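Input: a single structure, listed below in structure tokens.
Here, each number is a calculation from the coordinates, and none is a lab measurement. Note that the structure is predicted; figures quoted are calculated from it, not measured. Quick reminder, even Gly has a Cβ in these numbers, built from the backbone with ideal geometry, and neighbours come from all protein chains shown.
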Ligand SMILES: [Zn+2]
Ligand SMILES: [Zn+2]
């Protein structure tokens, strides 16, 4: 059975600490609601499910929780490649510099047009795509969608396009 | 067999006249390349395949060819509902006023946040979604994606979300 899931935003605002520290013996004491499954917790779980690779092609990346998810995967030894838009990468709050400093491989599309994609491929198998940029406004305010699928006819073209854009933006 | 298709942009620029007038006896004499199938002609064909209904939920709609496609469907008696973002609808070049004047049912999301979706549901059966706004820049310049699928597990949630947003933005 092929996995499919659709998530809509804005997401309810809820604590996501348990997603990063599921085995913690201490409860979280922050002021947000706890124990709530939301569109955003589901998105984080899909990203964190990566065990070998994460290919991310994203126009805007400023969301701290998604940045934490990518850094967590990196610390687990997951191979991460991030392709982003050069204009947005330079904006205050962009997480691209943080990822680079952590040693994650980032390439900026240097063309004069927008690299407007917002997709990720997890383990070369699971596609996560939609209208949602990886920003706080997109997650908590805007009306947005994310589509998750393992259907090879949908996943494979995105893998191929990622490869094409990745090679084309080789800074070397 | 379930239909799936992925289109990437920017699209090659080519004449789309034959898509609107397939039975014309006269060849087109415009200066664009002819007889070329592109991501954009495929997108237009998917939209024009509607025989009973088109539900469109789109942040930005200024593309003249896509506007012509929607007007063509309207003239064929296809039931069209357009939900759009109030801020973008007021921008110069927006096709929303043109659609309204033609008698197409349009609702603007009046919330203070962005209605950032870019999806269409054709005949309650085919989902067309992605990063692509219905603008000329998105089609001809940006790096963008469109995903087309008939998979019910993906289509049904979008139908449900369209209904929810449509009812919520009833001006009456
Ligand atoms: Zn907490
Ligand atoms: Zn022509």
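Worth a mention:
- Percent of C-alpha pairs per 5 Å bin, segment A:1-153, short to long: 2, 9, 18, 22, 21, 16, 8, 2, 1, 0
- In this assembly of identical copies, the label point of residue B:72 (Cα plus 7 Å along Cα-to-Cβ) is separated from its counterparts by 4.8 nm, sorted shortest first.
- Contact order for chain B, expressed relative to its length and based on alpha carbon pairs under 8 Å spaced 6+ residues apart, stands at 29 percent.
- Note on A:12, B:151: ascending count of other Cβ atoms within 10 Å places them as A:12, B:151, the fewest first.
- Residue A:12-residue A:36 pseudo-label distance in nm [points 7 Å out on the Cα-to-Cβ vector]: 0.5 nm
- Remark: C-alpha extents of segment B:1-89 on the principal axes read 37, 36, 30 Å, sorted largest to smallest.
- Angle in degrees between helix B:64-75 and the longest Cα principal axis of chain B, rounded to the nearest 10: 70 degrees
- Between helix B:39-48 and chain B: long-axis angle, C-alpha atoms, 0 to 90°, nearest 10: 60 degrees
- Volume per residue that the Cα convex hull of segment B:64-162 spans, once the total is divided by residue count, Å³: 110 Å³
- Gyration tensor (alpha-carbon) shape descriptor, segment A:76-123, a/c threshold 1.5: oblate
- Between copies, the label points of residue A:3, set 7 Å from Cα on the Cα→Cβ line, lie 2.8 nm apart, reported in increasing order to one decimal in nanometres.
- Shape category assigned to segment B:1-41 from the gyration tensor of Cα positions, a/c cut at 1.5: oblate
- For B:115, B:64, order by how many other beta-carbon atoms lie within 10 Å, fewest first: B:64, B:115
- Likely footprinting exposure, B:167, B:113, A:121, fewest C-beta neighbours within 10 Å first: B:167, B:113, A:121
- Distances, shortest first, from the label point of residue B:21 to those at the same position in the other copies read 6.9 nm; the point lies 7 Å along Cα to C-beta.
- The angle between the Cα long axis of helix A:152-168 and the longest principal axis of the Cα atoms of chain A comes to about 60 degrees, rounded to the nearest 10.
- Computed over segment B:1-69, relative contact order equals 33 percent, with contacts defined as Cα pairs under 8 Å that lie 6+ residues apart.
- Annotation for segment B:130-145 versus segment A:105-136: alpha-carbon center distance of 14 Å.
- Candidates B:119, B:20, B:59: whichever shows maximal mean-square fluctuation once chain B is modelled as a Gaussian network with Cα springs under 10 Å: B:20
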